[in-house]
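Just so you know, all these numbers are worked out from the coordinates, no wet-lab data involved. Because the structure is a prediction, the values reported are computed rather than measured. Here the Cβ is made from the backbone with ideal geometry for all residues, glycine too, and neighbour counts use every protein chain on show.
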Amino acid sequence: MHELIYASSNIGYGHISRDIAICTSLDEMGIKPILISGKTIRRFVESYSFKFIEYYGEPLLTIMRGKVVGVSLWYLRYWLRYREGFKWFKKLYRELNMKLVVSDEDFIILGNAQKLNIPTILITDQLGVAFAKTRIAGFFEEKINKWMQEKILNSLKVIIPDFKSDHDYSNDNIVYVGPIVRDVKRNRNDIRKELNIADHEKLIVITGSGSNLGKHIISKIINEVSLLKSDYKFFVVGSFSNRIKHDGRFIVRDFVKDLHEYIAAADLVISLAGKSTIDEALVYGTPIITIPIKNHFEQEYNAAKLGFSYEDLYNIRNLVETMIGKRREPLVNDGRKKAAKEIMNTLNAI
């Protein structure tokens, strides 16, 4: 029997990064989850040797010149994928005989699991969506939020990778565990030696989404920081990175399994405003500049908490000079172990 199925949103690498942290803890507890997500996540999961099942995944938002557009169409596509996915998931259920489904913001899998009366746990830091800027998008969004609230209330637990003081959610099934990040196994000197960073040079990590969603923003960031004259080296990571023009100070990779270790070793991180990258910088004590995708409510919220906005895209050079090297004390928090323990206890109680 494959007791634990773990679905991870395929929108970027942020969800799967924290999910790998949790699954590593589950593996240490003797629980071997099977992960389900879209094809863009396969390489990440299999690099950690977890069993992976690929499905068509959630539809991606449409981003034009760094801004979310076409929200109404995205809601419609999401709903259709949820409806169309039931037969596929029902067949998978019969093959795997699932006992518990954990979903990190993949509401397609979460909803279909609940249709089959499979116990579920949801991992999320947002209990609703707020993309709508038009009346028609607002109409769809109201329906989607009502549907999401039903799925949230029907979950045995809702694990929030944040501190309770940062939210006012009060559902009885909510559990706060703090930031969820992977452990760092290599020290700062090892990373700098690998990248050939001299003692007098500063390392800046620039990272976008695991998808192409952040291409416009990251491209503009690179254009801006390339004008800086200081002794900076730039480590750029993203699926679009090999198509970005740059000079010899830039080390470019399309995928890095252990990006969190480079974030821990950096003198500064510049990224989109995804929660996982922000949490990694927070826990490791690395200063971070975050530029949200415009009209992306979650990223704008995350960035605002740190004092940033989309308009800071045009102030990058000043921000770099202000924040470079201003490290903080690392944050001690076992979010991944707390989340894994909640999942293990729920699994054992079923």
>> What do you get for the angle between helix 135-153 and the principal long axis of the chain? Use alpha-carbon atoms, 0 to 90 degrees, nearest ten.
In response: 70
> At each listed q (0.16, 0.17, 0.23 Å⁻¹), what is the log10 of I(q)/I(0) that the Debye formula gives for region 89-188 modelled as equal alpha-carbon point scatterers?
Replying inline: -0.79, -0.86, -1.17
> Given charges of +1 on the Cβ of Lys and Arg and -1 on the Cβ of Asp and Glu, with all other atoms neutral, how large is the dipole of the chain about its Cα centre, in debye to the nearest 20?
Replying inline: 860
>> Compute the angle between helix 71-96 and the longest alpha-carbon principal axis of the chain, please, reported from 0 to 90 degrees and rounded to the nearest 10.
In response: 60
> Normalised by the residues of the chain, what does the relative contact order come to in percent, with Cα pairs under 8 Å and at least six apart?
Replying inline: 17
> How many nm separate the modelled label positions at Tyr314 and Asp168, each set 7 Å beyond the Cα in the direction of the Cβ?
Replying inline: 3.3
> Where does each of Tyr56, Tyr169 land when they are ranked from fewest to most other beta-carbon atoms within 10 angstrom?
Replying inline: Tyr56, Tyr169
> Hey, what did region 138-281 get for relative contact order, percent, Cα under 8 Å, at least 6 apart?
Replying inline: 24
> Given region 23-148, what percent of its DSSP beta bridges are antiparallel, to the nearest 5?
Replying inline: 30
>> Can you give me the angle between helix 14-28 and the longest principal axis of the chain, using Cα atoms only, in degrees from 0 to 90, rounded to the nearest 10?
In response: 70
> Given charges of +1 on the Cβ of Lys and Arg and -1 on the Cβ of Asp and Glu, with all other atoms neutral, how large is the dipole of region 25-103 about its Cα centre, in debye to the nearest 20?
Replying inline: 340
> Based on the Kirkwood radius over alpha-carbon pairs, what is the Stokes-Einstein translational diffusion coefficient of the chain at 37 °C with 0.692 mPa s viscosity, in µm²/s?
Replying inline: 158
> Of Lys39/Lys233; Lys157/Lys294; Lys51/Lys87; Lys39/Lys275; Lys275/Lys337; Lys99/Lys337, which sit over 25 Å apart, Cα to Cα?
Replying inline: Lys39/Lys233; Lys157/Lys294
>> Quick check of the Kirkwood formula: for region 188-323, what is the inverse mean of 1/r over all pairs of different Cα atoms, in Å?
In response: 14.7
> Among bridges DSSP assigns within the chain, what percent are antiparallel (round to 5)?
Replying inline: 5
>> Within a 10 angstrom radius of the beta carbon, how do Asp104, Asp334 rank from fewest other beta carbons to most?
In response: Asp334, Asp104
